[in-house]
Amino acid sequence: MKAIVVTDQAAGTAGMTLVERPEPQAALNDVVVRIHASGFVPTEMAWPSTWTDRLDRDRTPSIPGHELAGVVTALGYGTTGLSVGQRVFGLTDWTRDGTLAEYVAVEARNLAPLPGDVDFTVGASLPISGLTAWQGLLEHGRLQAGQSVLAHGAAGAVGSMVTQLAREFGAYVIGTGRAADRQTVLDFGAKEFVDLENDVLEEVGGVDLVFDGIGGDIGKRSAGLIRAGGTLVSIVGPPEARPDDGLAVDFVVEADRAQLGEIVRRVQDGRLRTNIGNISTLEDAVAALNPTERRKGKTIIRIRP
């Protein structure tokens, strides 16, 4: 099969190459999926799991990408809950070969059925962004109706999901980003927008929850905006500053079939819009994943037409 592999951590995405690899086999509780579309997160190149397995052994050349939508072609021994020919989408294990390929072997529990009226391209854009937003807001942030949420990077793939879900669950959402992102953020449902390059972040006042996908100085300053009993949720590592009278949480997203189902139902009925910025083929993926200019939204690699 055709696949993108990486072998040199220092090279990052520039070290990607398109090669021929053996098709994967389904292990215990696995399925093999014929991939139709794959998502990719650029920060994967900095994740230890891209380069080593659970025992810290080198696993290069490794296939990156962890989001997929496709069709099940084989079942491993003991696999239940899915069937050959079924449309699925989901999130693959961090330390196994990923989804920038024509086929992938993945634990069945990491996948959910993809409804026939949801395009594979849309399905592949949902798992990391949607699950990160869902888990950050509802599990770790314990969001309640009537609270205020400061969503950093609200025009991005994750931030736009945070904005939409927080609004749906009754929060007042303040989105941040660059000046050019203002209308996009408001269109996704934020009530206010903060231009991080020109506005004063502290003028936002107190908020109940900060969802931080930026970190650094913005993350540190955001800790001071948390009201008593509020929460700073970070997806960029442990927060450098903590609220005086609140919680600071950092987490790594996990696959969850039930939550994937909740997310895709919202796409079906129009409550949730995905944020796709660019769609490329596998043959052109290396160039697409090494853009020469800033791109808005998520890049999706369409493996099959």
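The values are calculated or read from the model by the stated rules, or taken from the named source; none is laboratory data. Note that the structure is a prediction, hence the values are computed from the model and not measured. Backbone-built Cβ (ideal geometry, glycine too); neighbour counts: all protein chains shown. Please note that ligands, DNA and RNA were not included when accessible areas were found on the heavy atoms of the full protein model with its side chains. Shrake-Rupley method; radii C 1.70, N 1.55, O 1.52, S 1.80 Å.
So, in segment 166-203, how many residues would count as being farther than 27 Å from R295 by Cα and not aromatic (F, W, Y)? Steps first, please.
Taking segment 166-203 as the starting set, the residues that turn out to be farther than 27 Å from R295 by Cα are 169-172, 202-203.
Next, only the ones that are not aromatic (F, W, Y) stay: 170-171, 202-203.
Residues that pass the stated criteria total 4.
Residues are listed down the side, and each one gets a yes or a no for (1) surrounded by 14 or more Cβ atoms within 10 Å (Cβ to Cβ); (2) among the acidic types (D, E); (3) at pLDDT 95 or above; (4) part of a loop (DSSP other than H, G, I, E, B):
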site	(1), (2), (3), (4)
S160	yes, no, yes, no
Q164	yes, no, yes, no
I174	yes, no, yes, no
A190	yes, no, yes, yes
G229	no, no, yes, no
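Please determine whether any residue of segment 37-44 is surrounded by fewer than 21 Cβ atoms within 10 Å (Cβ to Cβ) and in contact with a strand residue (DSSP E or B) (Cβ under 7 Å, 6 or more places away or on another chain).
no
Among the numbered criteria (1) surrounded by 15 or more Cβ atoms within 10 Å (Cβ to Cβ); (2) in a loop (DSSP other than H, G, I, E, B); (3) basic (K, R), which one does R266 miss?
Of the numbered conditions (1) surrounded by 15 or more Cβ atoms within 10 Å (Cβ to Cβ); (2) in a loop (DSSP other than H, G, I, E, B); (3) basic (K, R), the odd one out for R266 is (2).
Specify which of the listed residues (R54, R34) is assigned to a loop (DSSP other than H, G, I, E, B) and open to solvent by 50 Å² or more (accessible area, probe 1.4 Å). I'd like the intermediate steps shown before the answer.
Details: R34 fails: assigned to a loop (DSSP other than H, G, I, E, B).
It is R54.
Inspect segment 196-209 for any residue being touching a residue at least 40 places away in the same chain (Cβ under 8 Å), farther than 21 Å from S129 by Cα and open to solvent by less than 20 Å² (accessible area, probe 1.4 Å) and give the result as yes or no.
The answer is yes, given that some residue of segment 196-209 is touching a residue at least 40 places away in the same chain (Cβ under 8 Å), farther than 21 Å from S129 by Cα and open to solvent by less than 20 Å² (accessible area, probe 1.4 Å).
In the set A258, A287, which member is part of a helix (DSSP H, G or I), more than 21 Å from R142 (Cβ to Cβ) and in contact with a strand residue (DSSP E or B) (Cβ under 9 Å, 6 or more places away or on another chain)? Walk me through it before giving the result.
Numbers: A258 fails: more than 21 Å from R142 (Cβ to Cβ).
Among A258, A287, only A287 is part of a helix (DSSP H, G or I), more than 21 Å from R142 (Cβ to Cβ) and in contact with a strand residue (DSSP E or B) (Cβ under 9 Å, 6 or more places away or on another chain).
With the requirement that a residue be open to solvent by 80 Å² or more (accessible area, probe 1.4 Å) and under 19 Å from W47 (Cα atoms), what does segment 243-260 give you?
Hits for segment 243-260 are V252, E254.
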